[in-house]
Structures are given as structure tokens and as C-alpha cells.
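I have placed the structure first, in the form of C-alpha cells, so that the comments after it can refer back to it.
The values are calculated or read from the model by the stated rules, or taken from the named source; none is laboratory data. The shown structure was predicted, so the numbers you read here are calculated from the model rather than taken from an experiment. Note that we place each Cβ from the backbone using ideal geometry, even for glycine, and neighbour counts take in every protein chain shown. Surface areas here come from the heavy atoms of the whole protein model, side chains and all, with no ligands, DNA or RNA. Shrake-Rupley method; radii C 1.70, N 1.55, O 1.52, S 1.80 Å.
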Amino acid sequence: GMTVTLGQEKEEYKPYEPGKALTDTKLEDFDGEWSSSIMSAFGMQVPTGTLFDMQFNLTIDGGKATLVTIESGTETTTELEGDLDTNALVLKSTEEKTEEDAEDYSLFDTDTMRLYLLDDGKLCFTSADSLDDAEEAEEEAADSEDSEDSMDSIDWTVKVFFDKLEKK
């Protein structure tokens, strides 16, 4: 005749609110070593390495970059080169894709990376054509949350936020 009710307090979670993209950037502003910290995808925001088991490390120097992707314990290094396009650093892979590479599934394509410096000090990589497009998609998804069953209410834009590593 005894009833036991167990409960758990929900931890207060404040999602990361990205800063605004800086508008007057120079190529050297992007230079440094960057490590991914947060991934925003499909309406979810998680620390990188948790949900998708992916981690990114990016070293940029004068428009040339080395991207190290660690996915499910497998490390891949990609050499990239690029230049500024308005306020974005657009990097493209310098390596030829093989047929085998084309068959590999990845959450998003890192052969072309569009990176933005944010006013909060983070670097943002987006799968959209521009950060403005990504922000518009996010707002549209938020506006259409009334119809939660609709696939249109999901922001399909993938964004990865990087923290700059400080040299000691």
C-alpha cells in the first residue's frame, strides 16, 4: 500500500547565442589555431564530440589552413586555401577528390568552408551560402514552431563554432 514517486530537477540550460558576424575583417584576423566547441544542427545545439562524435581543429595562416577532423576516432587532415569574400574567409580544399572519397558520407562538406569571425570572439563555420542565410533559416524555423510536426520548422543549417586556442 505504499506509493513512491521519484523525480529529477531539470538542469537549467542556456543555449549559446552566437554573436554577430564582424563586417570589416582582414585576412590576418582569422589567423591562429581554432578548436570546435559547439555544433548547431537540425534544431539542436550540442558540444562537438558528443552527439555526432566529431571534433574539428583548424589552423589558419594567411589564407592557408589545415583542417583536422576527428570522426569516430578516425583522423582526417585536409589542406585548404582561400581568400576573403566580403566578411567571410572562404577556404577550398587543395586536394583532388577520389571516387572513394565521393562515396564517404559526412554530415556536411568541408571541401569548401565559409568562416565568419563573430563579435564574441568565436569563429563560425556554416553549411549555408552565407551566415545571413543561416540566420534567416534559423528565424524561419523559430517562427514556424507552431506546426511542430512540420519538417519545415527544422533549421537544417549546420554551424560549427570554434574557440581560438591561446598560445602559452
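Observations on the model:
- Carbon + sulfur, % of accessible area of the stretch 16-94 - ligands and nucleic acids excluded, 1.4 Å: 49 percent
- Nearest-0.05 FRET efficiency for residue 3 and residue 109, computed from C-beta distance (R0 41 Å): 0.15
- Stretching the chain fully between residue 53 and residue 83 yields a gain of 7.8 nm (0.36 nm per residue, less the alpha carbon separation).
- Rounded to 0.05, the FRET efficiency of the residue 120 and residue 66 pair, given R0 = 22 Å and the Cβ-Cβ distance, is 0.35.
- Extension gain for residue 90-residue 163 works out to 24.5 nm (0.36 nm per residue, less the C-alpha to C-alpha distance).
- Near residue 43, the amide H atoms lying under 5 Å from its own belong to 155; only residues 5 or more places off or on other chains count, and H is placed 1.01 Å from N.
- A DSSP coil position with no more than 12 other Cβ atoms inside 10 Å describes the following GluC sites (Glu not before Pro) in the stretch 1-79: 9, 11, 12.
- Accessible area of residue 118 (1.4 Å probe, protein heavy atoms only, ligands and nucleic acids ignored): about 10 Å².
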